[in-house]
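Please read the structure below before turning to the comments.
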Amino acid sequence: MLIFEDNADLFPYNTFHIHALARRLVRVHTVDELVQLIRRGEFSSTKILILGGGSNILFTGNYEGLVVKNEIGGIDVIGGDEDHVRVRIGSGEMWHPFVQYCVDRDWGGIENLSLIPGTVGAAPMQNIGAYGAEIRETVESVEALDISTGNVRQFSNPDCNFGYRESIFKNDLKGKYFISSVTLRLTRRNHAINTSYGSLRELLLQRGLASPTVRDISEAVIAIRKSKLPDPELIGNAGSFFKNPSVDEETLASIREQRKAVPTFPGEQGLTKVPAGWLIEQCGWKGATLGNIGVHKHQALVLVNYGEGKGDDIWKLALKIRESVKDKFGVTLQPEVNVIHP
């Protein structure tokens, strides 16, 4: 049964720990409940925000609409063979516990994505990636409901139009579909172990792991993330606030005129990626504090709420950072976090 809550405090539902009120909030636990909600007309008569783990969102004020809290669960093996397993996951399942579920079974393909916060449904929407891997490499299909009709549609991997931290659900179909489940194709054996990311490879060598297992990769990634990123349970944050920008040769040359040693890695369409955190650090923002908010002392890419900070203040800080990077390097940073304005 659908239960609506008026003037709901969203503090427990966002990892920035921002106090914001939703005019109405409802939780959905099954696809049937979601269809029921859609056919009530709620989706057509008011603003809708679909909320998963709240780990990639910043509220800059109250939300004058309906927040739909996704709590659709379930992990089901739906096929496979000796080499692969096909598993369908409810979109409201939390991502990291699911990764650990797979690691425990020695299923390979998503171990590099360990300890990423949020829900399974957000993974293909954001095309989450870390330490040389992206979720698009294992997505077989995404099931989603048209929020105007309640009709179910299956999106194949190519249908999702995956890009760097992008998908069709963030662009052409933004706000039009509710992801209900994700089907991944993972390996049972002969895993394609990915050690392409420098810091991951270095830690594995330090641990004497020349031929790492799925679990070795997961444990190493967890160790690296914990050493660099603040725990949102202790310090409010949403992880990386900005995307790593891709720049052309002229812009890269301009950056190198100011800083000889510029860290880079290959981008898409012949461009070169420059770490956003490095650019921000070069502008002197790393470790900066402004009252109750600031930039994390170990990772300049992470904006933090030390307690009782306001979302609007965090957004203003983000704009200042973006302006300084633009002025110094001619690069415009784009938020990775979904910023929700009143």
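The numbers here are math on the coordinates, done by the rules we state, and not lab data. Everything numeric in this text was worked out from a predicted model, so none of it was measured. When we count neighbours, we look across all protein chains shown, and the Cβ atoms used for this are built from the backbone with ideal geometry, even at glycine.
Points to keep in mind about this one:
- Entries in LYS69/LYS326; LYS243/LYS328; LYS260/LYS286; LYS170/LYS260; LYS260/LYS310 that, when Cα-Cα distance is taken, lie over 26 Å: LYS69/LYS326; LYS170/LYS260; LYS260/LYS310
- Amide N of the range 1-32 lying under 15 Å from the label point, which is placed 7 angstrom from the Cα of ASP312 along Cα→Cβ: 19-21
- Between the range 195-254 and the range 16-89, the C-alpha centres lie 28 angstrom from each other.
- In this structure the amide hydrogen of SER180, modeled in the peptide plane, comes within under 5 Å of the amide hydrogens of GLU143, ALA144, LEU145, none closer than 5 places in sequence on its chain.
- Coil-residue GluC sites (Glu not before Pro) of the range 1-83, DSSP, other Cβ within 10 Å capped at 14: GLU82
- Within a Gaussian network of the chain (alpha carbon springs, distance under 10 Å), most fluctuating of ILE78, ILE135, ILE293: ILE78
- Under the convention that each Lys and Arg Cβ holds +1 and each Asp and Glu Cβ holds -1, the size of the dipole of the chain around its Cα centre is about 660 debye.
- In the calculated pair-distance distribution of the chain, the portion above 36 angstrom amounts to 21 percent of the Cα-Cα pairs.
- Per residue of the chain, the DSSP helices (runs of n ≥ 4 H) give a summed -39500 (n - 2.57) that works out to -7500 deg cm²/dmol at 222 nm.
- The range 236-340: mean projected area of Cα convex hull, nm²: 6.6
- Extension gain from PHE11 to GLN36, taking 0.36 nm per residue of separation minus the Cα-Cα distance: 6.3 nm
- Take each peptide in 97-110, 149-162, count the other Cβ atoms within 10 Å of every residue, and average; sorted highest first, the result is 97-110, 149-162.
- Residues of the range 164-205 with amide N under 13 Å of the 7 Å Cα→Cβ point at LEU271: 164-166
- Farthest positive-ward along the chain dipole, Cα basis, beta-carbon charges - from ASN70, PRO158, PHE329: PHE329
- Interchain or long-range residues, amide H under 5 Å from GLY65's placed H: ARG23, ARG24
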